[in-house]
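Below: the structure, in C-alpha coordinates.
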Amino acid sequence: MNVEATVPMNIDVRASSSSSPSPWSRLSKRLNADSDGYGPIKGTLGTRRIGLIWLAANLVVTTLLTGTLFVPGVSWPLAIGLIIAGSLVGGVVLVLIGNIGTRTGLPTMSLTKGAFGLRGSFLAVAANVVILMGWSWVQAMLAGVTVNFLVEQATGFSNPVLFSVLCQLFVVGLAIFGHAGIAKVEPWLALVILAIMAYIFFVAFTSYPPADFAALKVDATLGWSGITVLDVVIATAISWTVLSAEFNRLAKTQAAGVVGSGIGYVLSTVLSMSLGATAIAYVVLAGGEPVGFDPSVIVGAFGAPLAIVIFLSVMATNTMVVYGMVSSVVNMAPTRRIRFLPTALVLGAISVLGATWLALLEQFTSFLTVVGALFLPVFAIMIVDYYIVHKGHYGPDILRGRGGQFWYQGGVNIAAIVVWLVGASTSVILTYVTPSPIGATIPTFVISFVLYLGWALLFRRIRADRPISHHLTQTENAIANPESQENAHR
(Lines give C-alpha, C1' and ligand atoms only; values in the text may rest on other atoms or scores of the structure.)
Protein backbone atom coordinates (compact mmCIF):
# COMPACT_ATOMS: atom_id res chain seq x y z
CA MET A 1 0.00 0.00 0.00
CA ASN A 2 2.80 2.31 0.81
CA VAL A 3 4.38 1.41 -2.51
CA GLU A 4 1.15 2.14 -4.36
CA ALA A 5 0.89 5.49 -2.60
CA THR A 6 4.49 6.32 -3.29
CA VAL A 7 4.56 5.57 -7.01
CA PRO A 8 2.06 8.18 -8.15
CA MET A 9 3.62 10.71 -5.84
CA ASN A 10 7.01 10.14 -7.45
CA ILE A 11 5.48 10.36 -10.89
CA ASP A 12 3.86 13.66 -10.00
CA VAL A 13 7.14 15.03 -8.74
CA ARG A 14 8.96 13.99 -11.91
CA ALA A 15 6.23 15.46 -14.08
CA SER A 16 6.34 18.70 -12.16
CA SER A 17 10.11 18.98 -12.38
CA SER A 18 10.21 18.06 -16.05
CA SER A 19 7.65 20.73 -16.89
CA SER A 20 9.58 23.39 -15.01
CA PRO A 21 11.57 25.51 -17.49
CA SER A 22 15.35 25.61 -17.18
CA PRO A 23 17.19 28.81 -16.18
CA TRP A 24 18.31 29.16 -19.84
CA SER A 25 14.70 28.91 -21.04
CA ARG A 26 13.47 31.43 -18.48
CA LEU A 27 16.23 33.89 -19.37
CA SER A 28 15.70 33.40 -23.11
CA LYS A 29 11.96 33.94 -22.72
CA ARG A 30 12.44 37.11 -20.69
CA LEU A 31 14.97 38.56 -23.14
CA ASN A 32 12.69 37.79 -26.09
CA ALA A 33 9.87 39.55 -24.28
CA ASP A 34 12.09 42.58 -23.57
CA SER A 35 13.41 42.78 -27.13
CA ASP A 36 11.54 44.58 -29.88
CA GLY A 37 10.65 41.28 -31.53
CA TYR A 38 9.23 40.91 -35.01
CA GLY A 39 6.68 43.27 -36.47
CA PRO A 40 5.74 46.95 -36.32
CA ILE A 41 5.87 49.16 -33.24
CA LYS A 42 3.67 52.19 -32.66
CA GLY A 43 5.83 55.04 -31.42
CA THR A 44 5.00 57.24 -28.45
CA LEU A 45 7.93 59.68 -28.30
CA GLY A 46 7.80 63.37 -29.12
CA THR A 47 10.22 65.65 -30.95
CA ARG A 48 12.33 66.45 -27.92
CA ARG A 49 12.83 62.84 -26.93
CA ILE A 50 13.70 61.70 -30.47
CA GLY A 51 16.11 64.63 -30.77
CA LEU A 52 17.85 63.64 -27.53
CA ILE A 53 18.12 60.02 -28.66
CA TRP A 54 19.84 61.07 -31.89
CA LEU A 55 21.97 63.64 -30.08
CA ALA A 56 23.18 60.96 -27.67
CA ALA A 57 23.67 58.32 -30.34
CA ASN A 58 26.15 60.32 -32.40
CA LEU A 59 28.07 62.00 -29.60
CA VAL A 60 30.48 59.14 -29.99
CA VAL A 61 34.23 58.75 -30.17
CA THR A 62 34.27 57.51 -33.78
CA THR A 63 32.55 60.68 -34.97
CA LEU A 64 34.83 62.83 -32.83
CA LEU A 65 37.99 61.12 -34.04
CA THR A 66 36.83 61.31 -37.66
CA GLY A 67 37.19 65.06 -37.28
CA THR A 68 40.85 64.62 -36.26
CA LEU A 69 41.58 63.14 -39.70
CA PHE A 70 40.78 66.36 -41.57
CA VAL A 71 43.13 68.94 -40.00
CA PRO A 72 45.70 70.04 -41.10
CA GLY A 73 45.01 68.07 -44.30
CA VAL A 74 42.60 70.89 -45.11
CA SER A 75 42.27 74.22 -43.35
CA TRP A 76 40.36 74.33 -40.07
CA PRO A 77 37.60 76.70 -41.39
CA LEU A 78 37.12 74.55 -44.51
CA ALA A 79 36.89 71.41 -42.38
CA ILE A 80 34.18 72.97 -40.20
CA GLY A 81 32.24 74.15 -43.26
CA LEU A 82 32.41 70.74 -44.93
CA ILE A 83 31.37 69.01 -41.70
CA ILE A 84 28.23 71.15 -41.63
CA ALA A 85 27.50 70.70 -45.35
CA GLY A 86 28.11 66.94 -45.36
CA SER A 87 26.01 66.43 -42.24
CA LEU A 88 23.09 68.26 -43.86
CA VAL A 89 23.35 66.30 -47.12
CA GLY A 90 23.72 62.94 -45.43
CA GLY A 91 21.07 63.89 -42.89
CA VAL A 92 18.47 64.15 -45.66
CA VAL A 93 18.93 60.46 -46.52
CA LEU A 94 18.90 59.51 -42.84
CA VAL A 95 15.66 61.42 -42.19
CA LEU A 96 13.89 60.03 -45.27
CA ILE A 97 14.68 56.42 -44.31
CA GLY A 98 13.85 57.10 -40.67
CA ASN A 99 10.48 58.55 -41.68
CA ILE A 100 9.54 55.25 -43.34
CA GLY A 101 10.09 53.66 -39.96
CA THR A 102 7.78 56.19 -38.32
CA ARG A 103 5.06 55.65 -40.95
CA THR A 104 5.21 51.84 -40.85
CA GLY A 105 6.62 50.95 -37.43
CA LEU A 106 9.28 48.68 -38.96
CA PRO A 107 13.08 48.73 -38.46
CA THR A 108 15.41 49.60 -41.32
CA MET A 109 16.36 46.10 -42.41
CA SER A 110 12.74 44.91 -42.39
CA LEU A 111 11.92 47.82 -44.69
CA THR A 112 14.42 46.57 -47.28
CA LYS A 113 11.90 43.79 -48.02
CA GLY A 114 9.77 46.35 -49.87
CA ALA A 115 12.36 46.94 -52.59
CA PHE A 116 14.54 43.83 -52.46
CA GLY A 117 11.90 41.18 -51.77
CA LEU A 118 11.12 39.05 -48.75
CA ARG A 119 14.23 36.95 -49.36
CA GLY A 120 16.38 39.46 -51.22
CA SER A 121 16.43 41.57 -48.07
CA PHE A 122 18.55 38.89 -46.38
CA LEU A 123 21.52 40.25 -48.34
CA ALA A 124 20.97 43.70 -46.87
CA VAL A 125 20.66 42.21 -43.39
CA ALA A 126 23.96 40.37 -43.84
CA ALA A 127 25.67 43.56 -45.02
CA ASN A 128 24.17 45.46 -42.10
CA VAL A 129 25.50 42.95 -39.56
CA VAL A 130 28.96 43.19 -41.12
CA ILE A 131 28.91 47.00 -40.94
CA LEU A 132 27.61 47.12 -37.37
CA MET A 133 30.13 44.49 -36.34
CA GLY A 134 32.88 46.67 -37.76
CA TRP A 135 31.56 49.66 -35.82
CA SER A 136 31.44 47.66 -32.61
CA TRP A 137 35.06 46.54 -33.09
CA VAL A 138 36.29 50.06 -33.80
CA GLN A 139 34.50 51.57 -30.82
CA ALA A 140 35.70 48.85 -28.44
CA MET A 141 39.27 49.36 -29.63
CA LEU A 142 39.06 53.11 -29.15
CA ALA A 143 37.69 52.69 -25.63
CA GLY A 144 40.41 50.14 -24.89
CA VAL A 145 43.19 52.36 -26.24
CA THR A 146 41.87 55.26 -24.14
CA VAL A 147 41.68 53.22 -20.94
CA ASN A 148 45.09 51.74 -21.66
CA PHE A 149 46.56 55.24 -22.07
CA LEU A 150 45.25 56.34 -18.67
CA VAL A 151 46.37 53.13 -16.95
CA GLU A 152 49.81 53.36 -18.53
CA GLN A 153 50.17 56.96 -17.41
CA ALA A 154 49.27 55.98 -13.85
CA THR A 155 50.97 52.59 -13.46
CA GLY A 156 53.22 51.92 -16.45
CA PHE A 157 51.21 48.82 -17.40
CA SER A 158 50.16 48.70 -21.07
CA ASN A 159 48.00 46.14 -22.87
CA PRO A 160 45.54 47.82 -25.28
CA VAL A 161 44.21 44.49 -26.59
CA LEU A 162 43.28 43.39 -23.07
CA PHE A 163 41.44 46.62 -22.31
CA SER A 164 39.66 46.53 -25.69
CA VAL A 165 38.38 43.03 -24.94
CA LEU A 166 37.29 44.01 -21.42
CA CYS A 167 35.41 47.05 -22.76
CA GLN A 168 33.65 44.94 -25.38
CA LEU A 169 32.73 42.25 -22.84
CA PHE A 170 31.09 44.97 -20.77
CA VAL A 171 29.28 46.27 -23.86
CA VAL A 172 27.97 42.80 -24.80
CA GLY A 173 26.65 42.32 -21.28
CA LEU A 174 24.86 45.66 -21.45
CA ALA A 175 23.46 44.83 -24.90
CA ILE A 176 21.98 41.56 -23.62
CA PHE A 177 20.75 42.64 -20.20
CA GLY A 178 20.71 46.41 -20.11
CA HIS A 179 19.88 47.81 -23.56
CA ALA A 180 16.54 49.19 -22.35
CA GLY A 181 18.22 50.95 -19.46
CA ILE A 182 20.94 52.37 -21.70
CA ALA A 183 18.30 53.72 -24.08
CA LYS A 184 16.69 55.55 -21.16
CA VAL A 185 19.94 56.82 -19.65
CA GLU A 186 21.63 57.73 -22.95
CA PRO A 187 20.05 61.22 -23.27
CA TRP A 188 21.30 62.08 -19.78
CA LEU A 189 24.75 60.79 -20.67
CA ALA A 190 24.58 63.07 -23.68
CA LEU A 191 24.12 66.08 -21.41
CA VAL A 192 27.21 65.08 -19.42
CA ILE A 193 29.17 64.60 -22.63
CA LEU A 194 28.00 67.98 -23.97
CA ALA A 195 29.13 69.71 -20.79
CA ILE A 196 32.61 68.17 -21.04
CA MET A 197 32.77 69.01 -24.76
CA ALA A 198 31.96 72.64 -23.91
CA TYR A 199 34.85 72.61 -21.44
CA ILE A 200 37.24 71.30 -24.11
CA PHE A 201 36.14 73.96 -26.61
CA PHE A 202 36.65 76.54 -23.85
CA VAL A 203 40.19 75.33 -23.15
CA ALA A 204 41.07 75.30 -26.86
CA PHE A 205 39.80 78.79 -27.68
CA THR A 206 41.09 80.43 -24.51
CA SER A 207 44.55 78.95 -25.17
CA TYR A 208 44.61 80.05 -28.81
CA PRO A 209 42.28 82.55 -30.51
CA PRO A 210 40.12 81.31 -33.43
CA ALA A 211 42.36 83.27 -35.81
CA ASP A 212 45.26 80.97 -34.95
CA PHE A 213 43.17 77.93 -35.80
CA ALA A 214 42.14 79.51 -39.10
CA ALA A 215 45.74 80.39 -39.95
CA LEU A 216 47.07 76.87 -39.33
CA LYS A 217 49.17 75.78 -42.31
CA VAL A 218 47.65 73.11 -44.54
CA ASP A 219 49.69 69.92 -44.97
CA ALA A 220 48.91 68.61 -48.46
CA THR A 221 51.07 65.51 -47.88
CA LEU A 222 48.32 64.07 -45.64
CA GLY A 223 46.30 63.35 -48.79
CA TRP A 224 43.08 65.15 -47.94
CA SER A 225 41.04 67.49 -50.12
CA GLY A 226 37.72 69.22 -49.68
CA ILE A 227 35.84 66.58 -51.67
CA THR A 228 37.33 63.63 -49.77
CA VAL A 229 36.39 65.28 -46.48
CA LEU A 230 32.84 65.77 -47.78
CA ASP A 231 32.65 62.12 -48.85
CA VAL A 232 33.69 60.90 -45.40
CA VAL A 233 31.20 63.16 -43.62
CA ILE A 234 28.34 61.96 -45.85
CA ALA A 235 29.47 58.34 -45.40
CA THR A 236 29.22 58.86 -41.64
CA ALA A 237 25.55 59.79 -42.03
CA ILE A 238 24.99 56.74 -44.23
CA SER A 239 26.57 54.52 -41.59
CA TRP A 240 24.01 55.79 -39.07
CA THR A 241 21.11 55.44 -41.49
CA VAL A 242 21.20 51.66 -41.04
CA LEU A 243 19.63 52.32 -37.61
CA SER A 244 17.51 55.33 -38.51
CA ALA A 245 14.16 53.52 -38.77
CA GLU A 246 14.93 51.62 -35.52
CA PHE A 247 15.09 54.94 -33.69
CA ASN A 248 12.45 56.85 -35.63
CA ARG A 249 9.76 54.19 -35.44
CA LEU A 250 9.63 55.17 -31.77
CA ALA A 251 8.38 58.63 -32.79
CA LYS A 252 4.75 59.47 -32.11
CA THR A 253 4.31 61.50 -35.29
CA GLN A 254 6.14 62.06 -38.57
CA ALA A 255 6.94 65.61 -37.52
CA ALA A 256 8.51 64.37 -34.29
CA GLY A 257 10.64 61.86 -36.18
CA VAL A 258 11.72 64.19 -38.98
CA VAL A 259 12.45 67.26 -36.84
CA GLY A 260 13.90 65.33 -33.91
CA SER A 261 16.23 63.14 -35.97
CA GLY A 262 17.21 65.96 -38.32
CA ILE A 263 18.20 68.37 -35.57
CA GLY A 264 19.60 65.69 -33.26
CA TYR A 265 21.77 64.01 -35.88
CA VAL A 266 23.12 67.17 -37.54
CA LEU A 267 23.81 68.92 -34.23
CA SER A 268 25.61 65.93 -32.69
CA THR A 269 27.69 65.26 -35.81
CA VAL A 270 28.72 68.89 -36.24
CA LEU A 271 29.64 69.20 -32.57
CA SER A 272 31.55 65.90 -32.42
CA MET A 273 33.48 66.26 -35.67
CA SER A 274 34.18 69.94 -35.06
CA LEU A 275 35.51 69.06 -31.61
CA GLY A 276 37.82 66.49 -33.20
CA ALA A 277 39.06 68.95 -35.83
CA THR A 278 39.55 71.63 -33.16
CA ALA A 279 41.30 69.26 -30.75
CA ILE A 280 43.84 68.07 -33.32
CA ALA A 281 44.41 71.67 -34.46
CA TYR A 282 45.07 72.54 -30.79
CA VAL A 283 47.63 69.73 -30.61
CA VAL A 284 49.41 71.08 -33.72
CA LEU A 285 49.37 74.65 -32.40
CA ALA A 286 50.91 73.37 -29.18
CA GLY A 287 53.77 71.80 -31.17
CA GLY A 288 52.47 68.23 -31.34
CA GLU A 289 52.16 65.85 -34.27
CA PRO A 290 48.84 65.67 -36.19
CA VAL A 291 48.19 61.96 -35.64
CA GLY A 292 44.56 61.42 -36.65
CA PHE A 293 42.19 58.81 -35.24
CA ASP A 294 44.31 58.16 -32.15
CA PRO A 295 42.47 58.96 -28.92
CA SER A 296 45.67 58.96 -26.87
CA VAL A 297 46.92 62.05 -28.76
CA ILE A 298 44.02 64.29 -27.81
CA VAL A 299 43.52 62.70 -24.38
CA GLY A 300 47.16 63.54 -23.70
CA ALA A 301 46.39 67.17 -24.59
CA PHE A 302 43.11 67.57 -22.68
CA GLY A 303 43.42 64.96 -19.94
CA ALA A 304 40.83 62.91 -18.08
CA PRO A 305 37.71 64.94 -19.08
CA LEU A 306 38.13 63.92 -22.73
CA ALA A 307 38.83 60.33 -21.70
CA ILE A 308 35.51 60.34 -19.81
CA VAL A 309 33.73 61.56 -22.95
CA ILE A 310 35.27 58.76 -24.99
CA PHE A 311 34.50 56.00 -22.50
CA LEU A 312 30.90 57.07 -21.79
CA SER A 313 30.10 57.53 -25.46
CA VAL A 314 31.46 54.09 -26.34
CA MET A 315 29.59 52.31 -23.56
CA ALA A 316 26.28 53.95 -24.48
CA THR A 317 26.49 53.90 -28.26
CA ASN A 318 28.28 50.59 -28.72
CA THR A 319 25.70 48.87 -26.54
CA MET A 320 22.98 49.98 -28.96
CA VAL A 321 25.14 49.00 -31.97
CA VAL A 322 25.53 45.43 -30.67
CA TYR A 323 21.83 45.33 -29.82
CA GLY A 324 21.08 46.61 -33.34
CA MET A 325 23.02 43.70 -34.85
CA VAL A 326 21.03 41.20 -32.82
CA SER A 327 17.75 42.94 -33.63
CA SER A 328 18.53 42.87 -37.37
CA VAL A 329 19.02 39.10 -37.32
CA VAL A 330 16.03 38.39 -35.06
CA ASN A 331 13.79 40.54 -37.29
CA MET A 332 15.13 38.98 -40.51
CA ALA A 333 12.19 36.64 -41.02
CA PRO A 334 8.62 36.44 -39.64
CA THR A 335 9.40 33.55 -37.34
CA ARG A 336 10.15 33.00 -33.69
CA ARG A 337 12.77 30.38 -34.51
CA ILE A 338 15.52 33.02 -34.34
CA ARG A 339 15.86 33.63 -30.61
CA PHE A 340 17.36 36.72 -29.01
CA LEU A 341 19.70 35.13 -26.43
CA PRO A 342 21.64 32.63 -28.60
CA THR A 343 21.88 35.22 -31.38
CA ALA A 344 23.24 37.80 -28.93
CA LEU A 345 25.79 35.35 -27.52
CA VAL A 346 27.10 34.33 -30.95
CA LEU A 347 27.35 37.87 -32.30
CA GLY A 348 28.69 39.08 -28.96
CA ALA A 349 31.46 36.47 -29.02
CA ILE A 350 32.46 37.55 -32.55
CA SER A 351 32.46 41.20 -31.48
CA VAL A 352 34.74 40.41 -28.52
CA LEU A 353 37.19 38.46 -30.69
CA GLY A 354 37.23 41.23 -33.30
CA ALA A 355 38.13 43.80 -30.64
CA THR A 356 41.63 42.30 -30.64
CA TRP A 357 42.22 43.41 -34.26
CA LEU A 358 43.73 46.82 -33.50
CA ALA A 359 45.10 47.15 -37.04
CA LEU A 360 41.55 48.00 -38.17
CA LEU A 361 41.97 51.47 -36.65
CA GLU A 362 44.54 52.24 -39.34
CA GLN A 363 41.96 51.41 -42.04
CA PHE A 364 39.07 53.49 -40.71
CA THR A 365 38.62 55.67 -43.81
CA SER A 366 38.61 52.52 -45.96
CA PHE A 367 35.96 51.10 -43.65
CA LEU A 368 33.79 54.19 -44.18
CA THR A 369 34.28 53.78 -47.93
CA VAL A 370 32.93 50.23 -47.68
CA VAL A 371 29.93 51.53 -45.71
CA GLY A 372 29.16 54.06 -48.43
CA ALA A 373 29.65 51.55 -51.24
CA LEU A 374 27.34 49.00 -49.63
CA PHE A 375 24.54 51.17 -48.33
CA LEU A 376 24.30 54.33 -50.41
CA PRO A 377 22.72 52.34 -53.28
CA VAL A 378 20.46 50.49 -50.82
CA PHE A 379 19.04 53.71 -49.40
CA ALA A 380 18.66 55.31 -52.84
CA ILE A 381 16.64 52.25 -53.93
CA MET A 382 14.55 52.28 -50.74
CA ILE A 383 13.67 55.97 -51.13
CA VAL A 384 12.55 55.49 -54.73
CA ASP A 385 10.63 52.33 -53.90
CA TYR A 386 8.71 53.70 -50.93
CA TYR A 387 8.08 57.34 -51.84
CA ILE A 388 7.69 57.02 -55.63
CA VAL A 389 6.91 53.41 -56.63
CA HIS A 390 4.57 52.65 -53.73
CA LYS A 391 3.44 56.27 -53.18
CA GLY A 392 4.39 56.26 -49.48
CA HIS A 393 2.55 53.06 -48.56
CA TYR A 394 3.71 49.57 -47.61
CA GLY A 395 0.84 47.21 -46.82
CA PRO A 396 0.97 44.22 -44.45
CA ASP A 397 2.28 41.97 -47.26
CA ILE A 398 5.72 43.19 -46.16
CA LEU A 399 5.23 41.15 -42.97
CA ARG A 400 4.69 37.87 -44.81
CA GLY A 401 7.14 35.01 -44.99
CA ARG A 402 6.34 34.33 -48.65
CA GLY A 403 3.91 35.38 -51.36
CA GLY A 404 2.22 38.73 -51.88
CA GLN A 405 3.34 41.87 -53.64
CA PHE A 406 6.88 41.77 -52.23
CA TRP A 407 7.59 38.22 -53.35
CA TYR A 408 8.77 39.32 -56.83
CA GLN A 409 10.64 36.30 -58.32
CA GLY A 410 11.16 33.63 -55.69
CA GLY A 411 11.30 36.29 -52.99
CA VAL A 412 13.94 38.40 -54.74
CA ASN A 413 13.63 41.61 -56.76
CA ILE A 414 16.42 41.04 -59.29
CA ALA A 415 16.25 44.66 -60.49
CA ALA A 416 17.04 46.01 -57.02
CA ILE A 417 19.96 43.60 -56.63
CA VAL A 418 21.39 44.61 -60.02
CA VAL A 419 21.09 48.33 -59.24
CA TRP A 420 22.70 47.71 -55.85
CA LEU A 421 25.67 45.98 -57.48
CA VAL A 422 26.03 48.73 -60.09
CA GLY A 423 25.86 51.40 -57.38
CA ALA A 424 28.41 49.69 -55.15
CA SER A 425 30.76 49.19 -58.12
CA THR A 426 30.39 52.86 -59.03
CA SER A 427 31.38 53.88 -55.51
CA VAL A 428 34.51 51.72 -55.57
CA ILE A 429 35.54 52.89 -59.06
CA LEU A 430 35.07 56.58 -58.25
CA THR A 431 37.03 56.17 -55.03
CA TYR A 432 39.96 53.95 -56.00
CA VAL A 433 40.16 53.53 -59.80
CA THR A 434 39.14 56.86 -61.32
CA PRO A 435 38.73 59.43 -58.53
CA SER A 436 35.88 61.78 -59.27
CA PRO A 437 36.30 65.56 -58.94
CA ILE A 438 32.89 65.61 -57.24
CA GLY A 439 33.57 62.65 -54.99
CA ALA A 440 31.98 59.23 -54.89
CA THR A 441 29.03 59.46 -52.48
CA ILE A 442 26.77 61.90 -54.34
CA PRO A 443 27.31 60.33 -57.83
CA THR A 444 26.73 56.84 -56.36
CA PHE A 445 23.45 57.90 -54.80
CA VAL A 446 22.25 59.71 -57.94
CA ILE A 447 23.14 56.84 -60.29
CA SER A 448 21.42 54.27 -58.05
CA PHE A 449 18.37 56.50 -57.68
CA VAL A 450 18.04 57.11 -61.43
CA LEU A 451 18.60 53.47 -62.41
CA TYR A 452 15.98 52.11 -60.04
CA LEU A 453 13.51 54.83 -60.99
CA GLY A 454 14.18 54.07 -64.66
CA TRP A 455 13.40 50.39 -64.08
CA ALA A 456 10.17 51.29 -62.29
CA LEU A 457 9.08 53.56 -65.15
CA LEU A 458 10.09 51.13 -67.89
CA PHE A 459 8.22 48.19 -66.38
CA ARG A 460 5.33 50.32 -65.10
CA ARG A 461 5.87 49.45 -61.47
CA ILE A 462 4.70 52.81 -60.11
CA ARG A 463 1.28 52.68 -58.52
CA ALA A 464 -1.38 54.59 -60.43
CA ASP A 465 -3.65 55.06 -57.43
CA ARG A 466 -3.19 57.21 -54.37
CA PRO A 467 -3.15 54.80 -51.44
CA ILE A 468 -3.96 56.02 -47.96
CA SER A 469 -1.00 55.22 -45.76
CA HIS A 470 -1.81 53.38 -42.53
CA HIS A 471 0.61 52.48 -39.79
CA LEU A 472 0.95 48.70 -39.90
CA THR A 473 -0.16 48.33 -36.28
CA GLN A 474 -3.49 49.91 -37.26
CA THR A 475 -4.27 47.24 -39.82
CA GLU A 476 -6.39 44.55 -38.25
CA ASN A 477 -4.65 41.16 -38.22
CA ALA A 478 -1.67 42.68 -40.07
CA ILE A 479 0.84 40.70 -38.05
CA ALA A 480 -1.14 37.63 -37.10
CA ASN A 481 -2.63 36.99 -40.53
CA PRO A 482 -0.95 39.17 -43.19
CA GLU A 483 -1.94 36.72 -45.95
CA SER A 484 -5.52 37.99 -45.71
CA GLN A 485 -4.49 41.59 -46.34
CA GLU A 486 -3.93 43.59 -49.51
CA ASN A 487 -3.55 41.54 -52.69
CA ALA A 488 -0.43 41.82 -54.77
CA HIS A 489 -0.15 45.08 -56.70
CA ARG A 490 0.16 44.68 -60.42
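The values are calculated or read from the model by the stated rules, or taken from the named source; none is laboratory data. Every value quoted in this text rests on a predicted model; they were computed, and no experiment measured them. Here the Cβ is made from the backbone with ideal geometry for all residues, glycine too, and neighbour counts use every protein chain on show. All accessible areas refer to the heavy atoms of the entire protein, side chains included, with ligands and DNA or RNA removed. Shrake-Rupley method; radii C 1.70, N 1.55, O 1.52, S 1.80 Å.
Key figures
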read-out: Accessible area, probe 1.4 Å, largest first, for residues Leu457, Leu271, Leu106, Leu82; value: Leu457, Leu271, Leu82, Leu106
read-out: Low-density loop cleavage sites - trypsin sites (Lys or Arg not before Pro) in the stretch 266-367, where at most 12 other Cβ are within 10 Å (DSSP); value: Arg336, Arg337
read-out: Calculated SAXS-style log₁₀ I(q)/I(0) at q = 0.13, 0.19, 0.23 Å⁻¹ - the stretch 344-467, Debye, Cα scatterers; value: -0.70, -1.04, -1.22
read-out: Relative counts (whole %) of C-alpha pair distances in the stretch 189-325, using bins that are 5 Å wide; value: 2, 8, 15, 20, 19, 16, 10, 6, 3, 1, 0
read-out: Using θ = phi - 60° and Karplus 6.51 cos²θ - 1.76 cosθ + 1.60, couplings along the stretch 111-120 (whole Hz; Gly, Pro as x); value: 5, 5, 5, x, 8, 9, x, 4, 9, x
read-out: Quotient of C-alpha Rg and 2.2 N^0.38 Å, computed over the stretch 76-158; value: 1.64
read-out: Tail fraction, Cα-Cα pairs, the chain, threshold 28 Å, whole percent; value: 54
read-out: Computed Kirkwood radius, in angstrom, where 1/r is averaged over Cα pairs of the stretch 277-434; value: 19.9
read-out: For the chain, accessible area per residue (1.4 Å probe, heavy atoms of protein chains only), Å²; value: 41
read-out: Cα convex hull volume per residue for the stretch 174-251 (Å³); value: 176
read-out: Two-decimal ratio, the stretch 300-369, of alpha-carbon radius of gyration to 2.2 N^0.38 Å; value: 1.44
